[in-house]
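Structure record follows, encoded as structure tokens.
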Amino acid sequence: MENEIIDKEKIAQHWISRSDSDFETMNNLMLSKDFNWALFIGHLVIERLLKAIIVKNTGKHAPLTHDLRRLVKLSGLIIEEEQIRWLDTISTFNINARYDDYKQEFYKKCTPDYAINWFTNIKILREWIKKKL
């Protein structure tokens with residue numbers, strides 16, 4: 001099969017280390033009060049961990065998508081409704097921080113309270129997913 005992986009542990013570890021590096025970057029961006037970019041990177045933290053689980057569970061490369069809900073489905077994780085809602089919101093950080101027509105509204109939304117709330121939710125999801133690895 002063309003999508004099979006020979007060394008799934010090595011590839012999964014790549015995704016995990018990238019996620020860990022992104023987590024450090026997200027922390028630094030929060031400290032510098034660059035909230036919109038912190039949340040954008042927070043999306044990548046979760047995305048990359050989900051891709052690590054997909055690789056480990058399926059032995060195949062993770063798909064080229066940023067849709068966290070789709071990645072959870074492909075990972076085989078059992079997830080609660082509240083976590084699904086969080087993933088849906090976190091997925092918007094990828095779009096809102098990336099495209100100019102969404103940026104201004106996203107900047108306004110990224111108050112310190114909003115960013116700290118979502119930073120906390122991302123950390124909770126990150127810890128939960130890492131336990132599944």
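Taken together, the values in this text are just the output of simple stated rules run on the coordinates, not laboratory data. What you see is a predicted model, and the numbers here were worked out from it, not measured in a lab. When we count neighbours, we look across all protein chains shown, and the Cβ atoms used for this are built from the backbone with ideal geometry, even at glycine.
For K56, the aspartates and glutamates whose Cα falls under 16 Å of its own Cα, not counting residues fewer than eight places away in the same chain, are E4, D7, E9, E47. The angle between the Cα long axis of helix 81-98 and the longest principal axis of the Cα atoms of the chain comes to about 70 degrees, rounded to the nearest 10.
Simple rule: put +1 on each Lys or Arg Cβ and -1 on each Asp or Glu Cβ in the range 27-133, find the dipole, and look at F93, S75, V45; the Cα lying farthest toward the positive end is S75. Full extension of the chain segment joining N57 with T89 gains 9.0 nm, where the gain is 0.36 nm per residue of separation less the Cα-Cα distance. Calculate for the chain the 222 nm mean residue ellipticity that helices alone would give, adding -39,500 (n - 2.57) per DSSP H run of length 4 or more and normalising by residue count, nearest 500 deg cm²/dmol. After summing the helix terms and dividing by the residues of the chain, the value is -26500 deg cm²/dmol. For the pair the range 17-44 and the range 74-133, the centres of their Cα atoms are 12 angstrom apart.
A straight Cα-to-Cα reach below 17 Å connects K10 with the aspartates and glutamates D20, residues fewer than 8 places away in its own chain not being considered. Taking a straight line from the alpha carbon of K103, these lysines sit under 30 Å away, with near neighbours fewer than eight places off in the same chain left out: K33, K51, K73, K123. Hydrodynamic analysis of the chain uses the Kirkwood radius over alpha carbon pairs. Inserted into Stokes-Einstein at 10 °C and 1.306 mPa s, it gives a translational diffusion coefficient of 106 µm²/s. Rounded to the nearest 10 degrees, the inclination of helix 8-31 to the longest alpha-carbon principal axis of the chain is 10 degrees. Here the chain is treated with +1 on each Lys and Arg Cβ and -1 on each Asp and Glu Cβ, and its dipole about the Cα centre works out to around 200 debye.
Against the chain, whose longest principal axis is taken from its Cα atoms, helix 112-132 shows a tilt of about 10°.
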